[in-house]
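As structure tokens, the structure follows; a few thoughts come after it.
Here, each number is a calculation from the coordinates, and none is a lab measurement. From a predicted model like this one, the values you see are computed outputs, not experimental measurements. Cβ placement follows ideal geometry from the backbone for every residue including glycine, while neighbour counts extend to all protein chains displayed.
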Amino acid sequence: MEQDWIWGLVGGLMIGAAAALYLLVNGRIMGASGILGGLVDGSGRNSARERGAFLLGLVVVPPMLVPLYRQVDTHITTNGWLIVAAGLLVGVGTRLANGCTSGHGVCGISRFSLRGVVATVFYLLGGGIALVIGRHLLGVV
Amino acid sequence: MRNLSAFLSGGLFGAGLLIAGMVDTVKVQGWLDVFGNWDPQLAFVLGGAVLPMIIVWRLAARRELSLLGSPMPKRFPPVVDRELVLGSLLFGAGWGIAGLCPGPALGSLTFGGWGGVLFVLSMVAGMALTPSLRPILKRLGRGSNLALQAEAPEVLR
């Protein structure tokens, strides 16, 4: 659609505002994989309630907006094996790298963090390679 | 208070992801697919999120404590190691295959169908497995002299 970039910018500003709120009020970096991963492996036990509250907001607020918004379909593949493989890769990769698109991307780049910039370069590279192989060579993605 | 602001931040994050189109896997793959029919929308999402945060980090640097009195997050030492590079490559590959990264996967959990639920379960399993994978990776890497320890240039410190 023609105006998609405006929605991208508006949504992006909201994501930035959410990261600003979490940083200035709670003193924490808003990274989705870190907030969830700390609960999964127990490393974030001391801040479990705060993490839980963040994740609850993330899970329950978007469906409230769905009726107002045209986007309701995630168009995710119906190939269960691909989904499992991708989920495992995302889970392991974000924990090894200690961050994902929100922590390394949004919060890291804006802090001019070397690790954030390097991580972003390599996950974009990983995504590009996955599409070259999976879509253009194998035709499965 | 901490939990309320965390809830609001999570909600605002999720709403932003939805409006920006980050929960649409086809759109995300269209952006990552630089050799195909490239869709630039998500560059606006990242830009829109990063620009205000540059100013916010400047404000944060002047404070010792957050508004609720907890210490501001410390900087990691600017060291690029094997786990950062390999982990990011693996994460990116998974992101490209399914079109979901952790935030949008959680944000679309209630309306993303069985595929979205399966993705989140697999992601959680991967996170739970990682602590036991670390020592194996270390052992594999010991023989190689691929030492990826880089010092940061001045601007990134």
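Summarising the label geometry, the points placed 7 Å from Cα in the beta-carbon direction at residue B:75 and residue A:75 lie 4.0 nm from one another.
The phi-based Karplus calculation (6.51 cos²θ - 1.76 cosθ + 1.60; θ = phi - 60°) puts the 3J(HN,Hα) values of segment A:28-38 at 10, 7, 7, x, 4, 5, x, 5, 6, x, x Hz, whole numbers, x for Gly and Pro. The modelled label-to-label distance for the pair residue B:4/residue B:38, using points 7 Å beyond Cα in the direction of Cβ, is 4.6 nm. Counting, for every residue in B:69-78, the Cβ atoms of other protein chains within 10 Å of its Cβ and taking the mean gives 4.
Using +1 at the Cβ of each Lys and Arg and -1 at the Cβ of each Asp and Glu in segment A:1-104, identify which of A:58, A:43, A:86 lies farthest towards the dipole's positive end. Going by the charge dipole, the pick is A:43.
For chain B, the Cβ-based charge dipole about the Cα centre amounts to some 620 debye (Lys, Arg positive; Asp, Glu negative; other atoms uncharged). Plainly put, chain B has a radius of gyration that is 0.99 times its Kirkwood radius, both from alpha-carbon atoms, as the Rg/Rh ratio.
Over chain B, DSSP H runs of length four or greater, each weighted -39,500 (n - 2.57), average out per residue to a 222 nm ellipticity of -21500 deg cm²/dmol. With the simple spin-label model, which puts each label point 7 Å out from Cα in the Cβ direction, the residue A:121 to residue A:46 separation comes to 3.3 nm. Name all residues of segment A:116-137 having a backbone nitrogen under 18 Å from the label point set 7 Å from the Cα of residue B:133 along its Cα→Cβ direction, giving them as ranges. Those under the cut-off are A:119-120, A:122-131. About its Cα centre, the dipole of the protein assembly as shown is roughly 1020 debye, where the only charges are +1 on Lys and Arg Cβ and -1 on Asp and Glu Cβ. Comparing mean-square fluctuations of B:16, B:113, B:96 from a GNM of chain B with C-alpha springs under 10 Å, the top value falls on B:113. I'd like the FRET efficiency for residue B:142 and residue B:61, computed as 1/(1 + (r/R0)^6) with the beta carbon distance as r and R0 of 35 Å, rounded to 0.05. Efficiency, from the Cβ-Cβ distance: 0.35. Scattering from the protein assembly as shown was approximated by placing one identical point on each alpha carbon and applying the Debye formula without solvent; log10 I(q)/I(0) at 0.09, 0.15 1/Å stands at -0.39, -1.17.
Over the C-alpha atoms of chain A, the Rg to Rh ratio, Rh being the Kirkwood estimate, stands at 0.97.
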